[in-house]
Amino acid sequence: MNRFEYVRPRSVAEAVAAAAIPGSAYLAAGTNLLDLMKIGVARPERLIDLNHLPDLDIIEQLPDGTVRIGAQVRNADLAHDPDFRQRFPVVAEALLSGASAQLRNMATVGGNLLQRTRCAWFQDTASACNRRAPGSGCDARGGENRMHAVLGWSEHCIATHPSDFCVPLVALDAVVEIEGPAGRREIPLADFHLLPGDTPERESVLAPGDLVVALRLPAEAAGFAAHARYAKLRERTSYAFAVVSAAAALRIADGRITEARLALGGVAAKPWRARAAEAALAGATPDAAAFRRAAEAALAEARPSGDNGFKIELARRIAIRALTLAAAGTPDRLPALPASAFASSSTPRPRGLHV
Amino acid sequence: MSYLVTLTINRVPRTVELDDPRVTLLDLLRERLDLPGTKKGCDRGQCGACTILLDGRRVNACLALAISHDGADILTIEGLAEGQALHPVQAAFIAHDAFQCGFCTPGQIMSAIGLIGEGQAGDDAERVREGMSGNLCRCGAYRGITEAVLEATRIMADTTQEKAA
């Protein structure tokens, strides 16, 4: 790890001013940043510690029903907040399917949005990686790439965004509040992360000094609470990143879907909102045929970036599974294995799940 | 430049002068405070051997900068037993043969205490296994670990009820 200067600001304004100096990085929990510093992928000259700032770790409900989540709220605290998990159960399920209990106790809401890809070539400083070292090439293209992107990738980068949390958030129209040298602004989470294109080193819309201070979920997103699930396929039962995942949220009235939300994880450099699938579901009867049509629409543009063609069909199936679980109804208590694709002894599964 | 960090470690206040901001809580405990019970496995947050309680919550000490946790309260494996009396989780690990080589055990025990305190798993073995998934055991003592955590959960709940009565 390189040596760095440690800065502990007393206010957001002080933090933003310090971080605007080139070479600076914000330190939230550090669960991703310190890891990357240990392997030499991140080499900040200056760490701006956010852990002693007041008021960034609050979950509040605004008068219009919007929930506002401070960027320093820890993953576990959000997932177990009684009001939050009742109104946004799919977000709680995604949070609890990610990382380990220890990491969820540390990791923050803001840090989760800004975590880096787990592409092995990105993490290996001896390999070519346009995301880490612009213009150096992409060793993932000809290498071990079965976990890489099938949507939105470019010849310059085929990495995926690893977050579970962001998948239901983007489905539910979350908004990111940013404080920066130019003042305060906000942007829909759907527009926050950037696809690689010619500039994979640009991962989000943030400019130097910009600080994510909060996330908001609109009140109407709580209207999906009765039919909202996250499903995640991993290469082991727990404590692993998604091969593919899906967040599904439905409003159902009189046996028909009045509104649907669907987003996919593990398939692209950003959480992937599947709007064509949502349009296909609006007005449909919530059945296997409708879910299959939606899944086809969600992956219509998908193409392999390497030895990962299997992920396209896998993503269709996880989307169908999430929709099927959502249609069956959100359980009162999350299953023992949140978002797991495997049968759980303590949680009965709806019929017809195996597709 | 040096930094002064004040921590309460196993109920004892300690002030440490750091000559380098890179020191993690794990390295501080092991290399500078003579508390090597907390183990360094992967040093990257993947194995759980370094689990401690930080302000009552289980965390990976390898991914926490000491300087950022100025003022924190830390509990490590060395702070559990009272004299010769083992903590109920320690006793349950012995009773259930919940280890073989023992390297992961301090982290397993600290994680189990965190899990029991969180109150999310109760008497459900599947929830215990899921809640302990951040602690790897390369000897494969998982069955004993799950049994030990379930028994310690029961014993600690009974003790709490007795105290309340």
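If you split all Cα-Cα distances of chain B into 5 Å bins from zero, what percentages do you get per bin, shortest first?
All Cα pairs considered, the percentages come to 2, 9, 18, 21, 19, 14, 9, 5, 2, 1, 0.
Could you size up the charge dipole of the protein assembly as shown around its Cα centre, putting +1 on the beta carbon of Lys and Arg and -1 on that of Asp and Glu, and report it in debye to the nearest 20?
Details: 57 positive and 60 negative charges, 260 e Å.
Computed about the Cα centre, the dipole is about 1260 debye.
What's the FRET efficiency of residue A:124 with residue A:235 using the Cβ-Cβ distance as r and R₀ = 25 Å, to the nearest 0.05?
0.80
How many nm separate the modelled label positions at residue A:83 and residue B:97, each set 7 Å beyond the Cα in the direction of the Cβ?
Inter-label distance under the simple model: 5.1 nm.
Starting with the fewest neighbours, write out A:252, B:113, B:74 ranked by other beta-carbon atoms found within 10 Å of each beta-carbon. Walk me through the intermediate numbers first.
Numbers: A:252 18, B:113 24, B:74 27.
Least to most surrounded, the residues fall as A:252, B:113, B:74.
Sorted from largest to smallest, which semi-axis lengths in Å does the alpha carbon gyration tensor of the stretch B:16-92 give for its equivalent ellipsoid, taking the root of 5 times each eigenvalue?
22, 14, 11
How big is the antiparallel share of DSSP beta bridges in chain A, given as a percent to the nearest 5?
85 percent
Highest first, please rank the peptides A:292-300, A:56-64, B:27-35 by the mean number of other Cβ atoms sitting within 10 Å of their residues.
Details: A:292-300: 20.4, A:56-64: 13.0, B:27-35: 17.7.
Packing order, densest peptide first, comes out as A:292-300, B:27-35, A:56-64.
Mind checking the mean number of beta-carbon atoms from other chains within 10 Å of the Cβ atoms in A:4-11? Spell out each step's value before the answer.
Values: counts 3, 2, 9, 1, 4, 0, 0, 0.
So the per-residue partner count for this stretch is 2.
Could you sort the peptides A:279-287, A:150-158 by per-residue average Cβ neighbour count (10 Å cutoff), highest mean leading?
A:150-158, A:279-287
Could you work out how much longer the chain between residue A:187 and residue A:146 gets when fully extended? Use 0.36 nm per residue separation minus the Cα distance between them, nm to one decimal.
Length gained between residue A:187 and residue A:146: 11.5 nm.
What number results when the radius of gyration of chain A, computed over Cα atoms, is divided by 2.2 N^0.38 Å?
Scaled against compact globular proteins, the figure is 0.96.
When the helices in chain B are scored as -39500 (n - 2.57) per DSSP H run of 4 or longer and the sum is shared across all residues, what 222 nm value do you end up with, to the nearest 500 deg cm²/dmol?
So the helix-based figure for chain B works out to -10000 deg cm²/dmol.
Taking every alpha carbon pair in the stretch B:88-164, what does the distance histogram look like in 10 angstrom bins from 0, in percent?
Bins of 10 Å from zero give 21, 57, 19, 3 percent of pairs.
Most mobile of B:85, B:95, B:125 per a Gaussian network model of chain B (Cα springs, under 10 Å)?
In the Gaussian network model the winner is B:85.
Can you give the local net charge around residue B:92? Use residues other than it whose beta-carbon is closer than 10 angstrom to its beta-carbon, Lys and Arg +1, Asp and Glu -1. Before the final figure, lay out the partial values.
Working: positive: B:154; negative: B:147, B:151.
In short, -1.
Which aspartates and glutamates, on any chain, are close to residue A:38 with Cα under 14 Å apart, when same-chain ones fewer than 8 places away are left out?
Partners within reach: A:124, B:27, B:43.
Fully extended, how many nm does the chain gain between residue A:296 and residue A:219 (0.36 nm per residue separation, minus their Cα-Cα distance)?
24.7 nm
Just need the Rg to Rh number for the stretch A:5-52, please, alpha carbons only, Kirkwood Rh.
Across the stretch A:5-52, the Cα-based Rg/Rh ratio is 0.97.
Dipole of chain A (Lys/Arg Cβ +1, Asp/Glu Cβ -1, origin at the Cα centre): which of A:113, A:62, A:257 lies farthest to the positive side?
Of the listed residues, the answer is A:257.
Inside 10 Å of the C-beta atoms of A:102-110, what's the mean count of C-beta atoms belonging to other chains?
Details: counts 18, 8, 4, 11, 8, 3, 0, 0, 0.
Counting Cβ atoms of other protein chains within 10 Å of each residue's Cβ and averaging gives 6.
Using only Cα positions of the stretch A:173-270, each an equal point scatterer, no hydration layer, compute I(q)/I(0) via Debye at q = 0.10, 0.12 Å⁻¹ and quote the log10 values to two decimals.
The Debye formula, applied to the Cα set alone, gives -0.40, -0.57.
Work through the residues other than residue A:167 whose Cβ is under 11 Å from its Cβ and net out their charges, Lys, Arg +1 and Asp, Glu -1.
With Lys, Arg at +1 and Asp, Glu at -1, the net is +2.
FYI, it's all coordinate maths here, none of it is from the lab. In this text the structure is predicted, and so the values were computed from the model without any measurement. Virtual Cβ from ideal backbone geometry, glycine too; neighbours counted across all protein chains shown.
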